[in-house]
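The values are calculated or read from the model by the stated rules, or taken from the named source; none is laboratory data. Keep in mind that what you see is a predicted model, and the values were worked out from it rather than measured. Every residue, glycine as well, gets a Cβ built from its backbone with ideal geometry; the counts of neighbours run over all protein chains shown.
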């Protein structure tokens with residue numbers, strides 16, 4: 001009898017296993033979804049690059065057998081922007097967490113969406129800084145306990161789909177790690193979408209966020225996602241904010257077309273310089 005082989009292994013740096021993520025963490029599930037989405041999107045894998053920042057999610061880049069880059073804290077988006085402009089033929093994916101992307105890196109996200117850089121940004125949102133002690137992040141719900149809010153968070157969190165849509169993203173979706181098929185489909189659509197596409201994935205962190213907030217282990221948190229998720233494709237992103245222990249609105253909220261940064265740039269230069277202008281196609 002032949003030994004069964006996991007079909008995703010060919011996309012993983014298995015020599016780096018076992019991974020560092022805790023039992024019950026949802027990051028492994030998101031990686032499984034991503035490699036299946038990448039496989040099915042029709043883009044050769046040697047033309048996909050993954051960029052991550054610092055944190056638990058930032059370690060994803062190191063486990064993928066793709067051209068991948070582990071950058072400094074909060075800076076994966078500007079790094080990815082440079083990579084895309086140097087070689088526009090690449091499909092560049094930013095894969096990081098809520099703290100990295102929306103705290104120290106928040107301004108980069110807003111301007112990348114405003115410019116409509118041709119990037120796919122995947123945010124694994126576990127509402128905490130899982131690698132550095134469980135501090136409050138820009139997405140931690142009000143009343144949730146963290147190491148820096150032992151009596152409950154009092155800071156209004158970002159509604160990430162609304163932030164992405166209002167800043168100019170062309171594709172915006174949110175799912176949880178319970179919604180494996182939907183997450184895979186959303187990632188595939190985001191990779192294939194021109195312009196800045198954004199996928200938020202709600203994921204359990206049982207070690208810090210779950211334990212402090214008495215949400216149980218990873219399995220119990222997944223059960224919570226199953227019982228409390230509401231699928232509303234096309235919902236107004238302004239109305240999908242998250243409450244502590246409340247309902248989670250999931251779905252594809254935005255799917256629109258607008259010129260990418262390079263398309264706008266080449267159009268303006270052509271209008272300015274006429275036939276003498278050669279469209280910018282990168283430096284690599």
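Quick notes
- Residues that are in contact with a helix residue (DSSP H, G or I) (Cβ under 7 Å, 6 or more places away or on another chain), surrounded by fewer than 17 Cβ atoms within 10 Å (Cβ to Cβ) and part of a helix (DSSP H, G or I), drawn from segment 47-66: 62
- Output for segment 95-116, where each listed residue is within 19 Å of residue 171 (Cβ to Cβ) and touching a strand residue (DSSP E or B) at 6+ places or on another chain (Cβ under 9 Å): 95, 96, 98, 101, 102, 109, 112, 113
- Residues being touching a residue at least 40 places away in the same chain (Cβ under 8 Å), more than 20 Å from residue 210 (Cβ to Cβ), in a loop (DSSP other than H, G, I, E, B) and out of contact with any strand residue (DSSP E or B) (no Cβ under 7 Å at 6 or more places or on another chain) - total across segment 150-169: 3
- Segment 18-46, residues that are over 19 Å from residue 206 (Cβ atoms), assigned to a loop (DSSP other than H, G, I, E, B) and in contact (Cβ under 8 Å) with a residue 24 or more places away in the chain: 41, 42, 43
- The criterion of at least 2 residues that are modelled with pLDDT under 95 and more than 29 Å from residue 218 (Cα to Cα) is met by none of the strands (runs of 3 or more DSSP E) falling completely within segment 67-140.
- In the condition set (1) in contact (Cβ under 8 Å) with a residue 60 or more places away in the chain; (2) within 22 Å of residue 248 (Cα to Cα); (3) surrounded by fewer than 22 Cβ atoms within 10 Å (Cβ to Cβ), residue 131 is compliant with all but (2).
- Listed by position, the strands (runs of 3 or more DSSP E) inside segment 171-284 whose residues that are on the phi < 0 side of the Ramachandran plot and either buried (at least 16 other Cβ atoms within 10 Å of the Cβ) or under 15 Å from the mean Cα position of the chain (by Cα) (or both) number at least 2 are 171-176, 197-202, 248-255.
- Test: residue in segment 139-162 that is buried (at least 20 other Cβ atoms within 10 Å of the Cβ) and closer than 25 Å to residue 38 by Cα: yes
- For segment 198-223, a residue qualifies if it is in contact with a helix residue (DSSP H, G or I) (Cβ under 6 Å, 6 or more places away or on another chain) and within 16 Å of residue 179 (Cα to Cα), and the qualifying residues are 199, 200, 201, 204, 218, 221.
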